Amino acid sequence: MNKTIRISTMVVTASLLAATAQADKWSDQFPHIKNTGDVAGECSYESMSKKDYSGQKLTINTHAVPVIGEPTALHAQQFSKLTGAEVNVIHTPAGDLYSKAMIPFQAGQAPYDIVFGFSNFIRDWKQYLQPVPAKYVNMPQMQDVTQSHIDVNSWDGEMIQFPIDGDRHYLKYRKDVIDNPEYQAKYKAETGNELRIPRTWKEYAEMATFFNGWDWDNDGELEYGSAEVMKKDDLMFAAFFSRSVAYAKNPRVPGGYFFDLETMEPLINGPGFVEALTDWVEATKYVPPGGINFGLGDEINSFGGGQTLFSFSWDDAFVAAMQDDSPIKNKVGVAPLPGSDRVWNRSNKSWDMEYNQAPYIVWGWTAAVAKASKKHDMAFDYLCFFANDANHQADIAIGRFGVNPFKKSDFDADIYIERQGWDPIIANQYADTLMEMEEGSTNRVFPLRVPGVFQFNSAIATGTSKALAGQLSPQEALDEVAAEWKKIVKRIGADTVREAYSVGVALEDNL
Amino acid sequence: MNFKHKYMFLLPGLLVLLGILIFPIGFTVRLSLSSWDSFFPGLDFIGLENYVRLFTDDARFWESFQRLSFLSITTVFLQYILGFSLALMVWKDIVFQRFFRVLFLIPMMTTPVIMTVIWKTVFHESLGPVNDFFSLFGMTPLWLSSEGLSKVTVIIVEVWQWTPFMFLLLLAGLLSLPKEPFLAASIDGAGPIRKFVYVTFPLMAPISIGAIIIRLIEASKIMDTVYVLTSGGPGTSSETSSFYIFIKGLREFQFGYSAALSLTYLIIMIISLTVIAKMLVKLMIRS
Amino acid sequence: MRTFYVTLKYIAVTLWSMFVIAPFLWALSTSFKDFNSVTSGATYIPWVDFEPTLEGWRVLLRSPAQGGVNIVEPYLNSIFVTCFASLISIALGTLAAYALSRFTFKAGFIRNDDITFFFISQRIMPPVVLAIPFFIMLGKLGLLDTLFGLVMVYVVLLMPIAVWIMVDFFNKVPIEIDETALIDGCNPYQAFYKVVLPNSIPGMVVAGLFCMIFGWTDFFFAFILTFTEVQLLPVAIVSLNSSITPWWSLSAAALVSVAPLIVVAFIVERYLSKGNLSGALK
């Protein structure tokens, strides 16, 4: 599997690099793609220029500027120039994207032709979305998208959302500390353990504690152990799941991670999750002051600004650290999320004492076309154009765009070494880690994608937040979440939730 | 006066208000009897189920109400004391009078959603100026992330933003006070404190009550501050009713339920404001 | 003793002034920073503590396709909607307040006070839940994403304030003024227009100030009820709040957004100083 990707990767990259040599008429007109020029395909600049949408209007709701919002607006401008369409773009903060689209959906209005959002909105949104037509699903541009990202954007085999970005959680660490022989010796002397990339969350905690609260990079400011999304908001649940998969996703126990698929009993208060939450409560001791109120933006500021040793959510903090003017450029490393030394087995109610690691296929940015829109062709053309090879190559090279690898051809270190000046070791580490997550594991966990997903996630955020604040013990907190989940399941109907949840479980169980 | 005329004055405003609001309010009442949520957007009829859930199975709502009472009463009380003091200070005999008066008004004119982001950076525990100052003494107060202090921070920001509201109303009130009672008091040889207690304060009582009530109404809607500063955290320690309704409505999309929450909130507020107004009248207007 | 009080007064006023100004100074300083200056700890003085950049300000004039958010048009929209909605609210609010102050209404258990309270109580309702019904209503009327639709909603938000302030104000204006005018042969409308209204301008100024402030700073309805055609300033500014919170451009935006109201504050203060306002509020 891996090998085929590598080969196809090389072929595509070779063709991309070849294209670099010859500037074409499109890159003269659109400096954004000056590195590659136009890349032939269904939705290339060339193909788009042959369409005529003049006099038509396309309205898009997207994220705030710049992450995803800026590329949306930029490609809108280009699309408009090429096809003559008038494209209006609205920028909405991440937390409000769901409601901003959901209100008109539910009110039976169609102000937006395209809505950007997260892949885990899919179950609530899909009744209002137009599935991606076969001609886009089958085109070569789409063939290049990794299976995980096809899965995340599809519902029961039908592609509903259009893949435009890749997202995942992975471990980011300060290479200049972990690889520093002096610190390695000191760490060994004081803890008796090796200082290396943490393989388990326990190791992570030990190192983070060791490097918490002193100035280990000699910049005159205190540094801390870890920066994490702990603020009770829309993203908190994802951080918790990233920390809990290793303890709770047992490769030998199929049939559901969040719920027991048969009974629809929540599993969220099982020992695996409780262990993870206990770790997380422990983590409040090695985050920067105020760290339990960090949202994603604070995490980016903190790790990206060189304040902490570790961080583990989306790409942004890593990208910020690797920006050209960053004082820690090329001093940060990438690795898969830590695992655990045991994993809960709920069928025989005991811990399996073995190393376990499970990638949580975190939801990420995606876009879709509203069913009620009257301009489906133009809307899909826009999305296809957004993600065409030339645009995508240019976008992933601009950190603030927040467009991350999701095509097989992206997992090639050369792109990052040549275009962004990354250290080759880091670039390889990045490409390998990401590809491993995409294709390497069979023990994956998919995000909860069921009706009323926000109610479930909100309950998780409230419960874990109470535990982090010390209002409740981890077990009490998760019991409360489980009780809340039961009520939600009852309200929405166990069968409805089961039907939706089974779609994700089928992917997890590799059926 | 003629029966017809009084309606010609009242009705345009009243009818416009009713005309615009009748549908939203009616719809909200109907919504509260339905199970409208993210999965099922529609007006089915589930009777009083939402209300039953609210009264029997939602401790979080009632906890948030207690927190709201604490926060709104504290902030409004502080705003009143501070606003009144400031108004007295720039009332007369002060240099740069215009400058101070305008300056004191400005915080009210900032957009809460945006200004609170600035406040968040001010109180940022490791990158903000406040803790930069406290670190001189080796302290790192957790302004946004400890259960007690996060409430204090919310109060500080609310006081900063809305004291000007009190200030303006009370200053305008002071400037319109009649001169005679003060002259009489001077003749009696009253000092500044006696003058305040026996003349200024009683004369200012009616406007004070009005200002306090309207501020209580506004302060109870406190949301942007909580949302931006703490998201109601850590845990649920700074969650207020309106923020909770916001979570249920616009985050979790349980619109039927949040309509029930809103209407319950509305009724409780109307009752308690009426009671508070009566108490204030008793307390401040002794005669 | 007197010097003691005076000193105390100046100390207090100075302290409060510092408290008022502090966040603005911090915002001013932050608006010239970039990511690295922000994340390397609290710094204050450009050139000394950090290398200033104009990036935070430039963002406000760039188009989103260049990573900015153009606030010029939202700025004008905001001014228009705020002024227009305030004018309507004051016009209708003043009339209603006059009626409530001068005449007695009685319908069942409803009295004047109850009607006044009904106006004010419109501000109690948490706005969240009104989002869907307003959306449906404006959708049916074809007024979503239009200036007129927003003005309509804002009138509901602002009129209660105008009514509340103006009732207090009219209660303060001696009823003899009206009576004299009526004896002089005016009909009630002429009396109101020729005599009462000119006397109530200061009250309307204060009411206007409050309406403008609440209109200008509203975020929620502007956010829910508009898409592309009509964007108001707070919504435009918040669209900068991406995964990375740009401290610098948000600071610049906060300063820019408060500017026009400072002008309004000066105007109001003029009325205060001249004593014109005396009686605007009892």
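So what does the Cα-only Debye profile of region C:66-273 read at q = 0.12, 0.18 Å⁻¹, as log10 I(q)/I(0), no solvent term?
Treating every Cα as an identical point scatterer, log10 I(q)/I(0) equals -0.73, -1.26.
Would you compute, from DSSP H runs of 4+ residues alone, the mean residue ellipticity of chain C at 222 nm, taking -39500 (n - 2.57) per run and dividing by the full residue count, rounded to the nearest 500?
The helix-only estimate for chain C comes to -21000 deg cm²/dmol at 222 nm.
Just to be sure I understand the rule: take each whole DSSP H helix in chain B, project its Cα atoms onto its long axis, keep it if the span is 18 Å or more and its mean Kyte-Doolittle hydropathy is at least 0.5. Which ones pass?
Qualifying helices, which must be both long enough and hydrophobic enough, are B:3-31, B:59-89, B:147-175, B:201-220, B:255-284.
To the nearest 10 degrees, how steeply does helix C:201-217 sit against the main Cα axis of chain C, on a 0 to 90 scale?
Once rounded, one gets 40 degrees.
In whole Å, what is the distance between the alpha-carbon centres of region A:436-505 and region B:181-213?
Their Cα centres are 60 Å away from one another.
With both partners inside chain A, how many of the DSSP beta bridges are antiparallel, as a percent to the nearest 5?
Bridges in chain A are about 60 percent antiparallel.
Measuring from the lowest to the highest alpha carbon on each principal axis, how far does the protein assembly as shown reach, largest first, in angstroms?
100, 64, 62
Using every pair of alpha-carbon atoms in region A:367-478, split the distances into 10 Å bins beginning at 0 and state the percent of pairs per bin, rounded to integers.
That works out to 11, 23, 25, 27, 13, 1, in percent per bin.
How tilted is helix C:112-121 with respect to the longest principal axis of chain C? Cα atoms for both, answer in degrees (0 to 90, nearest 10).
For C:112-121 against chain C, the angle is about 10 degrees.
Just counting partner chain Cβ atoms within 10 Å, what average do the residues of peptide B:255-268 show around their Cβ?
Counting Cβ atoms of other protein chains within 10 Å of each residue's Cβ and averaging gives 3.
Want the number for A:Ser350 to A:Ser441: 0.36 nm per residue separation, take away the alpha-carbon distance, what's left?
Details: separation 91, 0.36 × 91 = 32.76 nm, distance 2.35 nm.
Once the chain is fully extended between A:Ser350 and A:Ser441, it gains 30.4 nm.
Using a Gaussian network for chain B with springs between C-alpha atoms less than 10 Å apart, which of these wobbles most: B:Ser186, B:Ser150, B:Ser32?
B:Ser186
When N is the residue count of chain A, what does its C-alpha Rg come to as a fraction of 2.2 N^0.38 Å?
The reported ratio for this selection is 0.96.
Helix-only estimate, please: 222 nm mean residue ellipticity of chain B, summing -39500 (n - 2.57) across DSSP H runs of length 4 or more and dividing by its residues, to the nearest 500.
-22500 deg cm²/dmol
Tell me, what is the percent relative contact order of chain A, built from C-alpha pairs under 8 Å that lie six or more residues apart?
22
Run the Debye formula on the Cα coordinates of chain B, all scatterers equal and no solvent, and tell me log10 I(q)/I(0) at q = 0.09, 0.10 1/Å.
Here the Debye-derived log intensity ratios amount to -0.60, -0.73.
Given all pairs of different Cα atoms, what value in angstroms does the Kirkwood hydrodynamic radius of region A:196-287 take?
14.9
Considering only DSSP states other than H, G, I, E and B, which trypsin sites (Lys or Arg not before Pro) in region B:51-121 qualify as loop sites with at most 16 other Cβ atoms within 10 Å?
In loop regions of region B:51-121 (DSSP not H, G, I, E or B), the sparsely surrounded trypsin sites (Lys or Arg not before Pro) are B:Lys92.
Please build a GNM for chain B, connecting alpha carbons under 10 Å apart, and tell me which residue among B:Ser38, B:Ser237, B:Ser258 fluctuates the most.
B:Ser38
Working only with C-alpha atoms, what are the Rg and Dmax values of region A:314-416, expressed in angstrom?
19.7, 56
How would A:Glu42, B:Glu239, C:Glu229 line up from fewest to most surrounding beta-carbon atoms within 10 angstrom?
Taking fewest neighbouring Cβ atoms as first place, the list is C:Glu229, A:Glu42, B:Glu239.
Nearest 10 degrees is fine. How inclined is helix C:2-30 to the longest principal axis of chain C, computing both from alpha carbons?
Value to nearest ten degrees: 60.
Output the peptides C:197-206, C:149-158 sorted from most to least packed, where packing is the average of other Cβ atoms within 10 Å over each peptide's residues. Walk me through the numbers before you get to the answer.
On the way: C:197-206: 18.2, C:149-158: 23.8.
The densest-packed peptide leads the list: C:149-158, C:197-206.
Size of region A:202-251 along its principal axes in angstrom, Cα-based, largest extent first?
44, 26, 11
Quantify how strongly other chains surround peptide C:113-126 by giving the mean number of their Cβ atoms within 10 Å of each of its Cβ atoms. Let's see the in-between values first.
Working: counts 0, 0, 2, 0, 5, 3, 3, 5, 5, 5, 5, 13, 10, 16.
That works out to 5 on average.
Averaged over its residues, how many other protein chain Cβ atoms are within 10 Å of peptide B:82-88's Cβ atoms?
Other-chain Cβ atoms within 10 Å of each residue's Cβ, averaged: 2.
Only counting other Cβ atoms within 10 Å, I'd like A:Val489, B:Val117 sorted with the fewest neighbours first. Display every interim value, and only then the final one.
Working: A:Val489 23, B:Val117 27.
In increasing order of surrounding Cβ atoms, one gets A:Val489, B:Val117.
So how do B:Thr111, C:Thr180, B:Thr236 line up by other beta-carbon neighbours within 10 Å, fewest first?
C:Thr180, B:Thr236, B:Thr111
Once fully extended, how much extra length lies between A:Ser54 and A:Glu190, figured as 0.36 nm per residue of separation less the alpha-carbon to alpha-carbon distance?
Gain on extension, A:Ser54 to A:Glu190, equals 42.0 nm.
Using the Kirkwood radius over C-alpha pairs as Rh, can you work out the diffusion coefficient of region C:175-250 via Stokes-Einstein at 4 °C, viscosity 1.567 mPa s, in µm² per second?
Translational diffusion coefficient: 79 µm²/s.
Would you kindly enumerate the cysteines in the protein assembly as shown that have no other Cys beta-carbon under 4.7 Å from their beta-carbon?
Those would be C:Cys83, C:Cys186, C:Cys211, since no other cysteine Cβ in the protein assembly as shown comes under 4.7 Å of theirs.
Give the cross-link partners of C:Lys9 among the aspartates and glutamates, using a straight C-alpha distance below 18 Å as the criterion and excluding same-chain residues fewer than 8 apart.
B:Asp93
Given H placed 1.01 Å from N in the peptide plane, which residues other than close sequence neighbours of A:Glu223 have an amide H under 5 Å from its amide H?
A:Gly213, A:Trp214, A:Asp215, A:Trp216
Can you give the Rg/Rh ratio of region A:388-430, where Rg is from the C-alpha atoms and Rh is the Kirkwood radius?
With Rh from the inverse mean 1/r over Cα pairs, Rg/Rh is 0.93.
As a quick test, which of the pairs B:Lys6/B:Lys179; B:Lys195/C:Lys194; A:Lys57/A:Lys408; A:Lys50/A:Lys371; A:Lys126/A:Lys374; A:Lys374/A:Lys408 have an alpha carbon distance above 27 angstrom in this structure?
Flagged as over cut-off: B:Lys6/B:Lys179; B:Lys195/C:Lys194; A:Lys57/A:Lys408; A:Lys374/A:Lys408.
222 nm [θ] for chain A, helices only, -39500 (n - 2.57) per DSSP H run of 4+, per residue, to 500? Let's see the in-between values first.
Details: 23 runs with 233 residues, N = 511.
So the calculated ellipticity at 222 nm is -13500 deg cm²/dmol.
Bear in mind that the values in this text are calculations on the coordinates, not laboratory data. Computed from a prediction, not measured in an experiment: that's the story for all the values here. With ideal geometry, Cβ positions are generated from the backbone for all residues, glycine too; neighbour counts draw on all protein chains shown.
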